[in-house]
Amino acid sequence: MRSPKFAFVAAAFALLALFPFVAGQFGVDLVTKIMIYAIFALSLELLVGSTGLVCFGQAALFGIGAYAAVLLSPEYESASLWWLLPASVAASAAYALFMGALSLRTKGVYFIMVTLAFAQMAYYVVHDTPLGGGTDGIYLNAKPVAALAGQTLLDLDHAPTFYAFTLAMLVAVFGFLALLLRSRFGRALAGIKANEQRMRATGFATYPYKLAAFVISGALAGLAGFLFAVKDGVVNPELLSWHLSGAVLIMIILGGLGHLRGALIGAFAFVLLQELFKSEALWGSFAKHWHLGLGLTIIACVALLPDGLVGLPAQWRARLTGRGSRGAQEEARHG
């Protein structure tokens, strides 16, 4: 039952590796952005889909990673990738530790509101102080490079190199989370999601597990933020806004909660739908109101696909074999 999933993911990554050979500059730039959002979505999937923690402050961790990449870089020369990337990830992980240590003492809607409050705190720090350049943001003048013995191994200012590096990071994050969720730690997170009280009754101290998941999620969000800052060469406070937290939450719901591949599918579907409804060639003047078309499409997807896009093949098989919707949902959940 697992081989079709592995084949799908392997084929998707293979197609992404071949994509630059057949696409133009716009296509490569768009898919690079989507892969960054896919890493971001995977970071939230660890919390929401695997642990049952609905966090509305993930954009803060994403934005802190992006701002750290710019603030820690020299003004007019390239920083070393060997230390800048870990430093940016560590900055997000540190804020995640601070945020999680306090917010995880609450539950339900209170947890959602506390994480949102922490995100807004970070937003206003970069928005209202000289540290983050205010509403204009700050620029990354020189993109980082990885050198060894005086020889440049990776120059992230080169678009094909950055594409390959982003794809490598996406594969690494996906593989890491796949192994993590199959470990004892991942089984404990699944138990916490299913019934935290029962996990405590069996002797598990659930708080350290949830905090560790929160910090890992924050580190992965920081990695996505670092890549986003390097790609665009500029960061602004909108990277920490609650709108982005909502968008990434929609991605994992659209793709299918509880599935790592659902986060990948959701990120691609969400961004491509955005590009579709923004196209003036297709929609003319209505393209200015692309939020309306996107919102209606997402509502339709959620209503018609309760298990997300990842559950669509199971629904099709259920209709072909005459099984009910409950059987389709069970197959999507366990298949």
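The values are calculated or read from the model by the stated rules, or taken from the named source; none is laboratory data. Fair warning: this is a prediction, and the values are worked out from it, not measured in the lab. Using ideal geometry, Cβ is built from the backbone for each residue, glycine included, and neighbour counts are taken over all protein chains shown.
Go over the candidates GLY246, GLY233, GLY186 one by one and state the one that is among the small types (Gly, Ala, Ser), on the phi > 0 side of the Ramachandran plot and modelled with pLDDT under 95. Don't jump to the end; show me each part of the working.
On the way: GLY246 fails: on the phi > 0 side of the Ramachandran plot; GLY186 fails: on the phi > 0 side of the Ramachandran plot.
That would be GLY233, the only listed residue that is among the small types (Gly, Ala, Ser), on the phi > 0 side of the Ramachandran plot and modelled with pLDDT under 95.
Residue-by-condition table, conditions (1) under 30 Å from ALA314 (Cβ atoms); (2) touching an Asp or Glu at 6+ places or on another chain (Cβ under 7 Å); (3) free of Cβ contacts under 8 Å to residues at least 40 places away in the same chain; (4) polar (S, T, N, Q):
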| site | (1), (2), (3), (4) |
| --- | --- |
| LYS5 | yes, no, no, no |
| ALA12 | yes, no, no, no |
| ALA23 | no, no, yes, no |
| ALA59 | no, no, no, no |
| GLY63 | no, no, no, no |
| TYR67 | no, no, no, no |
| SER80 | no, no, no, yes |
| SER92 | no, no, no, yes |
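Say whether the condition of being among the β-branched types (Val, Ile, Thr) and in a helix (DSSP H, G or I) is met by at least one residue in the stretch 140-153.
Looking only at the stretch 140-153, we keep the residues that are among the β-branched types (Val, Ile, Thr), and these are 145, 152.
Next, only the ones that are in a helix (DSSP H, G or I) stay: none.
The answer is no; no qualifying residue exists.
Here's a check for you: in the stretch 32-58, which residue that is among the aromatic types (Phe, Trp, Tyr) and over 16 Å from LEU104 (Cβ atoms) is surrounded by the most Cβ atoms within 10 Å (Cβ to Cβ)?
Taking the candidates together, the pick is PHE40.
From the list GLY258, GLY293, exactly one residue is under 20 Å from LYS193 (Cβ atoms) and either surrounded by 15 or more Cβ atoms within 10 Å (Cβ to Cβ) or among the hydroxyl-bearing types (Ser, Thr, Tyr) (or both). Which is it?
Going through GLY258, GLY293 in turn, the sole match is GLY258.
Name every residue in the stretch 275-290 that is in contact with a helix residue (DSSP H, G or I) (Cβ under 6 Å, 6 or more places away or on another chain) and surrounded by 15 or more Cβ atoms within 10 Å (Cβ to Cβ), in order of residue number.
PHE277, LYS278, ALA287, TRP290 - these are the residues of the stretch 275-290 that are in contact with a helix residue (DSSP H, G or I) (Cβ under 6 Å, 6 or more places away or on another chain) and surrounded by 15 or more Cβ atoms within 10 Å (Cβ to Cβ).
So which helices (runs of 4 or more DSSP H) are wholly in the stretch 1-85 and hold at least 1 residues that are among the small types (Gly, Ala, Ser) and closer than 23 Å to GLN120 by Cα?
Fully inside the stretch 1-85 and qualifying: 25-51, 58-71.
Please state which one of SER103, SER73, SER50 is among the hydroxyl-bearing types (Ser, Thr, Tyr) and within 14 Å of ALA229 (Cα to Cα).
SER73
Pull up the stretch 157-172, narrow it to residues that are surrounded by 17 or more Cβ atoms within 10 Å (Cβ to Cβ) and either at pLDDT below 90 or touching a Ser or Thr at 6+ places or on another chain (Cβ under 8 Å) (or both), then point me to the one that is nearest to GLY24 (Cα to Cα).
Ranking the qualifying residues of the stretch 157-172, first place goes to TYR163.
What do you reckon, is GLY311 in a helix (DSSP H, G or I) and either touching a strand residue (DSSP E or B) at 6+ places or on another chain (Cβ under 6 Å) or at pLDDT below 90 (or both)?
Numbers: in a helix (DSSP H, G or I): yes; either touching a strand residue (DSSP E or B) at 6+ places or on another chain (Cβ under 6 Å) or at pLDDT below 90 (or both): yes.
Yes: the conditions hold for GLY311.
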